[in-house]
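Q: The structure's right below; bear with me while I get my questions together.
The values are calculated or read from the model by the stated rules, or taken from the named source; none is laboratory data. Just so we're clear, the structure is a prediction, and the values are computed from it rather than from any experiment. Cβ atoms come from the backbone with ideal geometry, glycine included; neighbour counts cover every protein chain shown. Heavy atoms of the whole protein, side chains included, go into the accessibility calculation; ligands, DNA and RNA do not. Shrake-Rupley method; radii C 1.70, N 1.55, O 1.52, S 1.80 Å.
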Amino acid sequence: MRALGAASTLLAETKEGPLDRLSPMDTSFLHVEDDVSHMHLGLIALFEGPPPPHEELLARLAPKLARAPRYHQRVRFVPLEAGRPVWHDDPHFSLGYHVRRTALPAPGRNAELRALVGRVMSQQLDRARPLWELWIVEGLAGGRWAMIAKLHHAMADGISGSSLIAVLLDEERDPPAPGPATWTPAAEPGAVALVAAALSERARRPWSELRTAVSALGAPRRLAGQSADTARGLAAFAGLLRAPAPSALNGPLSPHRSWGWARASLTDVREIRRAHDDASVNDVVLAAITGGLRSLLAGAGESVDRSVRTLVPVSVRAVDSLGVPDNRVSAMFADLPLEIEDPVARLRAVSAQMRRLKASHEADAGQTLTSLAGLAPELALSLGARIATRLPQRSVNTVTTNVPGPQRPLYLGGRRMLEAFPYVPLAGHVRVGVAIYSYDGTLGFGVTGDADGTLDVLVLCRGIEDAVDELLATTHAAAPTTRPARGPRRAAAPG
């Protein structure tokens, strides 16, 4: 009778509704985080001034959070690691805790803003609360102000993270007055309910996999094609066993971060792409980063007669999942040809390699391996993730991620967002990462570095901008055109 009573209690406590469980990939970003690897993404946006009053800003933001429940939710871990964690409403949610305000010392130069971003991003997010922060930064030169948005990678990948941040912004300067901010947290499940739900899900998992297999057998031609693509991708992964040459790009991490930015005109990048029919916009971006890395390592006294292997995240997000806050990414691994001095030859080499990588279906294989992780018990997933980050990542030198943003002006508190630059986290033994964010005709490059390392991220930022200029100059030399003079665009200068 006691056992029956216990079973009845379990069933009663799990009738609160389906739990919003983190995916295996989302969970991995929690497990790999430690005291030196802080797994949050970010976006640093510059706005026209003056900044809105703080209480007015909070009043504008509060109603918008209902459109993105993750802003109200915290992570609940399942006792005994019986299952993956779940998202659930924070009963003590306080908007004032998450939206913070600070100011730069006069005269509010770029150097002070970069230093502030480095300090903010060096601090882990509080796991007892929803995993995000928004910093409003006053006092930038020229009457401008900045927003530092900080989201844990468990909440979103680059694309869904961009969508989450866009929820807080307006598409017009004077939008309709926001409605009342009404939100009531759902009742939290107890520890017993969390364990019971995890065990029940695990018991149903084999049947779910069987249904998937039966569905696949109903479309054998498609299954055969997917299997062949995955097999080719796995074969391509074998080349990653060859470790790249040692570099200051890799080594033990400190908890401290440095950060800088570069910018390019999307019009210029598209002009370069059009001059090279086989190239894509992403190829031009990677070629510019290759030139920047060449400048970085040469300035540090390292040989550039080598390639640098970068992890390139690839979205596997279906159209019907746009805006869903989670991680749906795979990866390709590109060897950036630093040894090629000529910028045009460098672009052609990058473009040819990216075509080969896409044909090899590395991203398909990565997605398959990631989905298989969902079959492993939570304890095995957590142990595997923790071990992986403590072993040197000998196959990758850096990470390069490109996130498309809106090509129209956005506003916050009636102030126009002028430009935006992303922040990418560092983990394992990767000391430098580059993220790219497109917005309203511009490309913003955000470069993250280990502040205690020997490499200067500003050298990389200047090198990226120089590489774009070199490609643009060769394009004009090959086909002269009349173009309006561009204004100053240097964002990476020491000031």
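Q: Based on the mean of other beta carbon atoms within 10 Å per residue, what is the order of 124-132, 289-297, most packed first?
A: Values: 124-132: 18.1, 289-297: 26.0.
Output ranking for 124-132, 289-297: 289-297, 124-132.
Q: Once fully extended, how much extra length lies between ARG119 and ALA300, figured as 0.36 nm per residue of separation less the alpha-carbon to alpha-carbon distance? Write out the running numbers ahead of the final one.
A: Values: separation 181, 0.36 × 181 = 65.16 nm, distance 2.42 nm.
Full extension from ARG119 to ALA300 adds 62.7 nm.
Q: Past the 17 angstrom mark, what percentage of all C-alpha to C-alpha distances in the stretch 62-115 do you count? Spell out each step's value before the answer.
A: Details: 855 of 1431 pairs.
Cα-Cα pairs of the stretch 62-115 separated by over 17 Å account for 60 percent.
Q: Search the structure for amide H atoms under 5 Å from the amide H of THR442, placed 1.01 Å from N in the peptide plane, and list their residues when 5 or more places away or on another chain.
A: LEU266
Q: Using a 1.4 Å probe over the heavy atoms of the protein chains, calculate the carbon and sulfur portion of the accessible area of the stretch 129-200 as a whole percent.
A: Working: 1560 of 2720 Å².
That fraction is 57 percent.
Q: Turning to a different aspect of this structure: Averaging over all projection directions, find the projected area of the Cα convex hull of the stretch 79-188 and quote it in nm² with one decimal place. Walk me through the numbers before you get to the answer.
A: Numbers: hull surface 39.0 nm².
The orientation-averaged projected area of the Cα hull of the stretch 79-188 comes to 9.8 nm².
Q: Could you work out how far the C-alpha centroid of the stretch 84-109 sits from that of the stretch 164-181, in angstrom?
A: Between the Cα centres of the stretch 84-109 and the stretch 164-181 lies a distance of 18 Å.
Q: Same structure, new question: Solvent-accessible area of LEU140, probe 1.4 Å, all protein chains present, reported in Å² to the nearest ten, please.
A: Around 10 Å² of this residue is reachable by solvent.
Q: One quarter of the convex hull surface, Cα atoms only: what value does that give for the stretch 165-205 in nm²?
A: Working: hull surface 23.2 nm².
For the stretch 165-205, averaging the hull's shadow over all directions gives 5.8 nm².
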